[in-house]
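I have placed the structure first, in the form of structure tokens, so that the comments after it can refer back to it.
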Amino acid sequence: MTTSTPEIVFAGTNGGALTEIAAYEAAGGFEVLAKTRTLTPDDVIAELNASNLRGRGGAFFPTGRKWSFVPKPDKIAKPHYLVVNADESEPGTFKDREIMLRVPFRFLEGCLIAAHAIESTHVFIYIRGEYEAEFEVLVSALDQMRAKRLLGEVTIVLHRGAGAYICGEETALLESLEGRRGQPRTKPPFPAIAGLYASPTAVNNVESITSATSVMEIGGAEYAKLGVENSAGTRVFSLSGNVVNGGNYELPHGFPLRDLIHDLGGGIAEGRALKAVIPGGSSTVILTAAEADRVTLDFDSLVGAGTAIGSAAVIAIDDRCCMVQLAARVSQFYQHESCGKCTPCRVGTKWLTNILQKIEDGRGTQADMDLLVSVAERINGKCLCPLGDSDAIAVMSYFDKFRDEFQAHIDEGGCPFHGSSSLDQLLAPVAMHIHNEAPVHA
Amino acid sequence: MSALYDEIQEIRAQYPESLSAVMPALQLAQERSGGWLPEQAFRDVADALDLTPAYCLSIASFYDMFRLEPVGQHLIEVCTNISCGLNGAQQVVEAFESELGLRAGETTDDFTLRTVECLGGCGWATVVAINNRHRLRVQADDVAGIVAELRSLELEVTDDHLDA
């Protein structure tokens, strides 16, 4: 099936990329920047507020409100900063890279609009280190913009990350950008008051910033009409897992999850049956196939189903996957990425992983099932940032919804899939910072 | 002063505070040192930014893309996170292991093979980063061809070297 909603983020690309400035200008690019610069910052923020645009990084915080929290320059006499979070690393999520590759100018135009709104002349784009092609596209786009003197007084610095999921958390990102280990800060103070170099800072996701350009282009009121109540606008959904057509799909909020998977996504690969869906990135609560059938892709529907829209990363999982293996692999990820600052996360993620591995290996006891819950409860809500919570929440959701499968591991003294699970023997990342033993294959 | 020192000063000038330049400076030093950070690289970066080598090491050891041990001429990194895992990443890892005669985590002069966390290409699984360039939809059957391609690149480099 096709959707009648026009593309907003990817408008004008016709499936390709607008990486030459002439092509972007021919599609109307930078007209809205000129218009926006004639408006007062308050007018820009009012337009964003009218649009109901909410953050696309995962927290869904209203973008206009976030900008309005940045004090006026006369209130805090320090430079103001716009920091763009392009450190996309939530497993399942790959939308920001496609935005940077295909509409780099719409994204950079959004940076200049946001800078104008918060009265900043200093923009830092923190781009994930693994995104080399995307970095090069932005370098080229910025060169083209400088040649046309589009930046005005604003400087835009591209800062490359170096491989750390935690730097997608905004305060860890700021620490990293300041030249420290990427470890989250206590809040308050919030970045709007004391962010980069202890100065007022707005931190926004790539898709939020790019959508801001569209808001200014079509007007906040028009933008607000797209999507559904409490979830305005379009969203770039990343679809992956056991589907035929994985990829990014820009759709209005409120689109049925089942249509994304079964129609646009071409259904489950190899004629298998859908078992579960992770709806908003690896940190979100899993949905059973039956639950997934009922929800639509927007804030209210997913919260109503006990989960979250997160980073809009939909991972479809078919019936070959052992949920204990899935839990162990997800937990390994969070263990690997824990920055180590808060003990419940640093120690708890390792405990969760060890217990899950024990259950998977057939060494688990009934007491381990209780211990799993107990450890998860001791992580959740007890750390500076949500990394550890994400592990606990994700793992507990698999445990709650597929408890029979966990129990079968205990009862049968091993994995009921007997080596046939799609994640069987999957290797966790191999560290390069220590002289580690080569992983042992079973 | 060295070219690296001068280039780091240029990077430093982009930031209001010079400490911010430590990551890009380490990235540059790594690029100039064959893809990893030997002790000398930490001394060079520290000199250029008025830091201690120990501080620079504390940064490098936090981030996955800084390498504290030598890497092979070609760095092969296979994503084994959820979506790649569901699409046969483990078979891709094993194919590289058998084709290269290495296990994940090991290094020879020519190759380093490792498994990594999500590379952000989940819809195009399995993603394999080869010298930081992402190959998409890699299957176990593709591995022999990729390795042959990298080995032929190596020969070209060697030939050029001999000609010179």
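The values are calculated or read from the model by the stated rules, or taken from the named source; none is laboratory data. This structure is a prediction, so every number in the text was calculated from the model and none was measured. Cβ coordinates were reconstructed from backbone atoms using ideal geometry, including for glycine residues, and neighbour counts include every protein chain displayed.
Key figures
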item	result
Unmet criterion (only one of (1) more than 7 Å from every other protein chain (Cβ to nearest Cβ); (2) farther than 24 Å from A:Glu270 by Cβ; (3) in a loop (DSSP other than H, G, I, E, B); (4) modelled with pLDDT of 95 or more) for B:Glu77	(3)
Residues that are surrounded by fewer than 23 Cβ atoms within 10 Å (Cβ to Cβ), under 27 Å from A:Glu20 (Cβ atoms) and aliphatic (A, V, I, L, M), drawn from the range A:75-122	A:Leu101
Matching residues, the range B:131-142, being within 11 Å of chain A (Cβ to nearest Cβ) and not in a strand (DSSP E or B)	B:Asn131, B:Asn132, B:Leu136, B:Arg137
Single residue of the range B:56-83 satisfying the filter (more than 19 Å from A:Arg160 (Cα to Cα) and free of Cβ contacts under 8 Å to residues at least 40 places away in the same chain) that is surrounded by the most Cβ atoms within 10 Å (Cβ to Cβ)	B:Thr80
Index of the failed condition, B:Asp64 passing every other in (1) out of contact with any helix residue (DSSP H, G or I) (no Cβ under 7 Å at 6 or more places or on another chain); (2) more than 10 Å from chain A (Cβ to nearest Cβ)	(2)
Flag for A:Arg149 being more than 14 Å from chain B (Cβ to nearest Cβ), surrounded by fewer than 24 Cβ atoms within 10 Å (Cβ to Cβ) and on the phi > 0 side of the Ramachandran plot	yes
Helices (runs of 4 or more DSSP H) contained in the range A:148-219 and holding at least 2 residues touching a helix residue (DSSP H, G or I) at 6+ places or on another chain (Cβ under 9 Å) and under 19 Å from B:Pro24 (Cβ atoms)	A:170-177
Candidates A:Glu270, A:Glu217, A:Glu250, A:Glu222, filtered to the one that is of a type in the set (Asp, Glu) and closer than 17 Å to A:Gly310 by Cα	A:Glu250
Selected residue [in contact (Cβ under 8 Å) with a residue 12 or more places away in the chain, of a type outside the set (Val, Ile, Thr) and either assigned by TED's automatic domain parsing to the domain that holds A:Ile76 or closer than 30 Å to A:Arg106 by Cα (or both)] from A:Ala194, A:Ala232, A:Ala289, A:Ala269	A:Ala232
Residues of the range B:99-130 classified as more than 27 Å from A:Ile315 (Cα to Cα) and either in a strand (DSSP E or B) or more than 7 Å from every other protein chain (Cβ to nearest Cβ) (or both), total	10
Selection status of A:Ala22, part of a helix (DSSP H, G or I) and either in contact with a Leu (Cβ under 6 Å, 6 or more places away or on another chain) or without any contact (Cβ under 8 Å) to a residue 12 or more places away in the chain (or both)	yes
Qualifying residue in the range A:73-81 (condition: of a type in the set (Val, Ile, Thr) and either part of a helix (DSSP H, G or I) or modelled with pLDDT of 95 or more (or both))	no
Count of residues meeting criterion [part of a loop (DSSP other than H, G, I, E, B) and either assigned by TED's automatic domain parsing to the domain that holds A:Tyr249 or surrounded by fewer than 16 Cβ atoms within 10 Å (Cβ to Cβ) (or both)] in the range A:28-58	3
Which listed residue, of A:Gly265, A:Gly310, is farther than 22 Å from A:Leu423 by Cα, of a type outside the set (Ser, Thr, Tyr) and surrounded by 19 or more Cβ atoms within 10 Å (Cβ to Cβ)	A:Gly310
Condition check for A:Leu427: within 14 Å of chain B (Cβ to nearest Cβ), surrounded by 23 or more Cβ atoms within 10 Å (Cβ to Cβ) and either in contact (Cβ under 8 Å) with a residue 60 or more places away in the chain or over 22 Å from A:Ala276 (Cβ atoms) (or both)	no
Yes/no for B:Gly145 being in a helix (DSSP H, G or I) and at the interface with chain A (Cβ under 9 Å from one of its Cβ atoms)	no
Residue that is surrounded by the most Cβ atoms within 10 Å (Cβ to Cβ), among those in the range A:292-307 that are under 18 Å from the mean Cα position of the chain (by Cα) and outside any helix (DSSP H, G or I)	A:Leu297
Unique match (being out of contact with any Lys or Arg (no Cβ under 9 Å at 6 or more places or on another chain), part of a helix (DSSP H, G or I) and not β-branched (Val, Ile, Thr)) among A:Ala141, A:Ala133	A:Ala141
Residue list for the range B:6-20, restricted to those being among the hydrophobic types (A, V, I, L, M, F, W, C) and facing another protein chain (nearest Cβ under 7 Å)	B:Leu19
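Table: residues versus (1) assigned to a helix (DSSP H, G or I); (2) away from chain B (no Cβ under 14 Å); (3) under 20 Å from A:Asp319 (Cα atoms); (4) out of contact with any Phe, Trp or Tyr (no Cβ under 6 Å at 6 or more places or on another chain).
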position	(1), (2), (3), (4)
A:Arg235	no, yes, no, yes
A:Arg258	yes, yes, yes, yes
A:Lys275	no, no, yes, yes
A:Thr284	no, no, yes, yes
